[in-house]
Structures are given as C-alpha cells and as structure tokens.
1. With each label point set 7 Å from Cα along the Cα-Cβ vector, what nm distance links F104 and S86?
2. Restrict the search to the range 47-152; then list the trypsin sites (Lys or Arg not before Pro) that DSSP places in a loop and that have at most 10 other Cβ atoms within 10 Å of their Cβ.
3. Leaving ligands, DNA and RNA out of it, work out the accessible area of V57 with a 1.4 Å probe and give it in Å² to the nearest 10.
4. Which one of V57, N150, P73 has its Cα pushed farthest toward the positive end of the charge dipole of the range 39-152, where Lys and Arg give +1 and Asp and Glu give -1 at the Cβ?
5. Measure off, as a whole percent, the carbon and sulfur share of the 1.4 Å-probe accessible area of the range 58-97, all protein chains present.
Amino acid sequence: MMRVAPKTLSRKFTTTSYRRLASAVNAGISAAWTKTPSEFTVTSQTGFLPRHDPLPVLPSYFEKLEEILDEMPINKGDGTYGLLHSGRFGERIERELPVYDVDFIFDSRILSALYRDYTFLASAYLLEPCDIQYRLARNYGLARRVLPANIA
C-alpha cells in the first residue's frame, strides 16, 4: 500500500523548500560531526553506549548520593544486607538525599554517571514495595506512584 503525504503538508512544503531544509540539516550534521562526534553516536566499538565510560564514582559533592547507592543493594558486596533488603531504601531517600544543584555541571562523564545513578535510584525507589511484597507473599504489590523531588 502506497502512502501519500497529506495535502496540507504538500501545500506547505514545496520541493524546493524541502531541498533547502534537507541541505541545511545535512550541513549542520556534517559540520557537527567533523568538529566533535556526539557523545551518543552509534559505533562499532561501543554500539549504543556512550563513547566514553561514565565515572565509576561521582565527585565528593555527591557524597550522600554515593553513600546511599553503596547501601542500596539487597545483598551488598561484603555479604551484609542493604537498604532494599530491609525495606528502608525509600525512607532513607526521603529523609537524607538532598536536592543537588547540577546547573554548573557540563562534564559529559559526570552527567552520564548522574544519569546512570539516578536511573537506578528512581527504579529502586518506585519498585521497592513490589519487591518486598513479592518476597513476603510471592505476588507483586503496587509500586510507588510518585518520585520525590530529590530524585525527580
């Protein structure tokens, strides 16, 4: 089945204006590519992952975030139980995690690490009640419905 562009689009964009737009977009992409490849370019070396690994540990400004992440797992690396095991993760987030100002951060490795870490925090925070319910009764309970400001 052949698709036809809606009449409003065909009237709005002439072939000439489309070519100019395509040329401008391609020129911008070419210029950007020759200057600095995007951090999120798909390559044969890294696939869809960023070109550079994010920082394994955040700068000391994010000390409380790192501390909570280290305490988060159900079973920690040292063999002890973490916050998710005891069901205290959400409480700790709400009580101790500050709202960090990140407006001054431009380093892509730090931003990638923050994205990674906050993704884990958000997922763990929302799904903690489901995990607790599953371990108690072998059925999933309801997740939390709202992220607190210090994660969102």
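The values are calculated or read from the model by the stated rules, or taken from the named source; none is laboratory data. From a predicted model like this one, the values you see are computed outputs, not experimental measurements. Please note: Cβ atoms are built from the backbone with ideal geometry, for glycine as well, and neighbour counts cover all protein chains shown. These accessible areas exclude ligands, DNA and RNA; they are computed on the full protein's heavy atoms, side chains included. Shrake-Rupley method; radii C 1.70, N 1.55, O 1.52, S 1.80 Å.
1. 3.4
2. Details: sites: R51, K64, K76, R88, R92, R95, R109, R116, R135, R138, R144, R145; in loops: R51, K76, R88, R138, R144, R145.
Sparse-neighbourhood loop trypsin sites (Lys or Arg not before Pro): R138, R145.
3. V57 has an accessible surface of roughly 90 Å² with all protein chains in place.
4. Positive-end residue among those listed: P73.
5. C and S atoms contribute 46 percent here.
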